[in-house]
Amino acid sequence: MYFKRIRLLFLFAVLGGLQTVRSQTLPKEELIFLTSEWKGDRFADGRPKIPDALVERARTIGIDDAWTVLKNEGYTNQFEGNWKLIKDDVMVVGRAVTAMFMPSRPDVERNIKQRGTTQQGRKGNTNAWPIETLTKGDVYVADAFGKIGGGTLMGATLGNAIFSKTGNGVVFNGAARDLQELQNIKGFNAFVRDFHPSFLEEMVLMGLNSPIRIGSAMVLPGDLVIAQREGVLFVPAHMAEQVISTCEFVTRKDQFGFEMVKTGRYTTGQIDSQWTDELKTEFLKWLGGHPELGAMTRPELDKMMSKRTW
């Protein structure tokens, strides 16, 4: 009985070791620790899993309003601008899968590739490895330290592979190639530092689903990515509901305010200050006549007006 128990413990240890080998660069426990304010579902590797319905709602909000909400809550390092896009009219919204690349060093790259191919079943160059982890709704976000020539993390082949897995685009602090062919992928977009005809060289993957820096922004796996023409906003997963709900309210409030000021019913000062009971009642009545903007209860309105992070 004793030896049977020892054999079982040994088997569990081996299986656990294999799981560790196959796990992402950042241990699951560490990822859960760093994103501990997220209380919802998670992927198997510990990445926060923002609900699909919430991600879809994020497509309707403005990045300026979302940035304001985050800033007022103390999240001041979540935006990065100055991008080149494949298409100006296709936004990228989804959950971040992160990758960190560094300048290559022969001994380190050799070890990483050997372990990847022999123990993890990886194939191809390391820039293809993050693509293997992607699921629907993900956004591949990579820090390639701003490298352009020789920093092309993606061409037409990988672009099609990414889109087939995610139905989404990418954000690269680096470059991409094959712009002509990438433009032909309907619904796909890329936010990159530039486009360049070179192939990837002298770069190696050093972190997968680990915290990364994109310009002046910190990005964690599972963050809500909102990429529009103005730039890219990375919303911490636990802030997604608040940011989206607040932005939706701001959109309703602005439309209501424009109409009220235009008709002379209220002044801009009344619209932009704390609302009276009369004004709140007027707003909810107006909102009932605009079902396309969604519903809102009086308690929800009171809570939004009292918090005022917009």
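The values are calculated or read from the model by the stated rules, or taken from the named source; none is laboratory data. Keep in mind that what you see is a predicted model, and the values were worked out from it rather than measured. Here Cβ is always computed from backbone atoms with ideal geometry, including for glycine, and neighbour counts include all displayed protein chains. Please note that ligands, DNA and RNA were not included when accessible areas were found on the heavy atoms of the full protein model with its side chains. Shrake-Rupley method; radii C 1.70, N 1.55, O 1.52, S 1.80 Å.
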Next on the checklist: Among the listed residues 192, 108, identify the single one that is out of contact with any helix residue (DSSP H, G or I) (no Cβ under 6 Å at 6 or more places or on another chain), closer than 30 Å to residue 241 by Cβ and touching a residue at least 60 places away in the same chain (Cβ under 8 Å).
Outcome noted: 192
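Can you work out which of the residues in region 35-53 that are among the charged types (D, E, K, R) and under 14 Å from residue 210 (Cα atoms) is modelled with the lowest pLDDT? Spell out how you get there, then give the answer.
Of all residues in region 35-53, those among the charged types (D, E, K, R) come to 37, 39, 41-42, 45, 47, 49, 52.
Going one step further and asking which of them are under 14 Å from residue 210 (Cα atoms), we end up with 45, 47.
Numbers: 45: 90, 47: 96.
By that ranking, first place goes to 45.
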Next on the checklist: Pairs please, first residue from region 143-172 and without any contact (Cβ under 8 Å) to a residue 24 or more places away in the chain, second anywhere and surrounded by fewer than 23 Cβ atoms within 10 Å (Cβ to Cβ), Cβ atoms under 9 Å, 6+ apart in sequence or on different chains.
Outcome noted: 157/178; 157/181
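Restricting to strands (runs of 3 or more DSSP E) lying wholly in region 214-310: which have 3 or more residues that are buried (at least 19 other Cβ atoms within 10 Å of the Cβ) and touching a helix residue (DSSP H, G or I) at 6+ places or on another chain (Cβ under 6 Å)?
Working: elements: 217-219, 224-228, 231-235.
The strands (runs of 3 or more DSSP E) meeting that bar are 224-228.
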Checklist outcome for this item: Expected single match for farther than 21 Å from residue 224 by Cα, open to solvent by 10 Å² or more (accessible area, probe 1.4 Å) and in a loop (DSSP other than H, G, I, E, B) among 113, 136, 87, 147 is 147
Next on the checklist: I need the full set of residues from region 108-147 which are charged (D, E, K, R), over 30 Å from residue 57 (Cβ atoms) and modelled with pLDDT under 95, in order please.
Outcome noted: 109, 110, 113, 115, 122, 123
Next on the checklist: Out of the residues in region 159-211 meeting the condition of being in a loop (DSSP other than H, G, I, E, B) and of a type in the set (A, V, I, L, M), tell me which one is surrounded by the fewest Cβ atoms within 10 Å (Cβ to Cβ).
Outcome noted: 185
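Quick one: would you say residue 271 is hydrophobic (A, V, I, L, M, F, W, C) and under 30 Å from residue 34 (Cβ atoms)?
Working: hydrophobic (A, V, I, L, M, F, W, C): yes; under 30 Å from residue 34 (Cβ atoms): no.
Spelling it out, it is not the case that residue 271 is hydrophobic (A, V, I, L, M, F, W, C) and under 30 Å from residue 34 (Cβ atoms).
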Checklist entry - Pick from 66, 96: which is over 25 Å from residue 179 (Cα atoms), open to solvent by less than 50 Å² (accessible area, probe 1.4 Å) and either in a helix (DSSP H, G or I) or small (Gly, Ala, Ser) (or both)? => result 66
